[in-house]
Amino acid sequence: MKRKGFTLIELMVVIAIIIILAAIAIPNYLKMTERAKKSRIASDMATLATGLETFRTDWGSYPGSTTAIAVNDPTSAFMAEMTGVVSGAVPVINIATATNSVGEAGGPTQVYLKVGTLTSIVDPFGTGTAPADNKVYYISDANSGAAHWMLFAYSSGIAATGKYLYRTDGSSTVVEQTRSAPAISTAGVPTY
């Protein structure tokens, strides 16, 4: 009885089909993971925006910072203002002795976002080194009495010409912008 196997041509056809399928699938997978990362940033920024708008409703302004602050830094003023927990910087607006915009005075500080929520917000595009340092940043147009805010995270490229995803108080969508780290003007407009 003679054994029959695959010929070299048949094996080459099978390998060619596998390579063609891989060439189609791999780019689609990479695009899908990039969309998932952008979706995570958009979701995290929506959570932050909700907390910031509630903060403004209570206090009449946003937490102030004209320099970018990582939202997950436990020692930052942003963390203290949003969580009411002092573990580094001391809150300026959200303090027990202050009177909020509806006339309530004294009592415990308000919790707008939980510490665990803020510490879990990271930039999924990050590599761990600047500017892709795994952080989502908050910046406002003033150090006190802020009327505008912006959230941003690095998404790709090199520092000088890279891309950033950002959201402002005047928009409910996340925008991708090319160039260096954004700043915010006193009119609430991102500047680059």
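The values are calculated or read from the model by the stated rules, or taken from the named source; none is laboratory data. Remember, it's a predicted structure, so these values are computed and weren't measured experimentally. Every residue, glycine among them, receives a Cβ derived from its backbone with ideal geometry; neighbour counts consider all protein chains shown.
Screening GLY126 with (1) free of Cβ contacts under 8 Å to residues at least 60 places away in the same chain; (2) buried (at least 16 other Cβ atoms within 10 Å of the Cβ); (3) touching a helix residue (DSSP H, G or I) at 6+ places or on another chain (Cβ under 9 Å); (4) closer than 22 Å to ALA36 by Cβ gives one miss only, at (3). For segment 80-90, the condition of being farther than 19 Å from SER144 by Cβ and at pLDDT below 90 holds for at least one residue. Scanning segment 36-72 for residues that are of a type outside the set (A, V, I, L, M, F, W, C) and closer than 10 Å to VAL136 by Cα, we see that the one that is surrounded by the fewest Cβ atoms within 10 Å (Cβ to Cβ) is ASN72.
Screening LEU52, LEU30 for residues that are in a helix (DSSP H, G or I), out of contact with any strand residue (DSSP E or B) (no Cβ under 7 Å at 6 or more places or on another chain) and within 22 Å of TYR164 (Cα to Cα) leaves exactly one candidate, LEU30. Restricting attention to segment 129-156, the residues that are more than 24 Å from PRO74 (Cβ to Cβ), crowded, with 16+ Cβ neighbours inside 10 Å and at pLDDT below 85 add up to 1.
Under 6 Å between Cβ atoms, at least 6 apart or on separate chains: pull out the pairs that start in segment 42-66 with a residue that is hydroxyl-bearing (Ser, Thr, Tyr) and end on any residue that is crowded, with 18+ Cβ neighbours inside 10 Å and assigned to a loop (DSSP other than H, G, I, E, B). Close Cβ pairs (under 6 Å, with a partner that is crowded, with 18+ Cβ neighbours inside 10 Å and assigned to a loop (DSSP other than H, G, I, E, B)) amount to THR54/TYR112.
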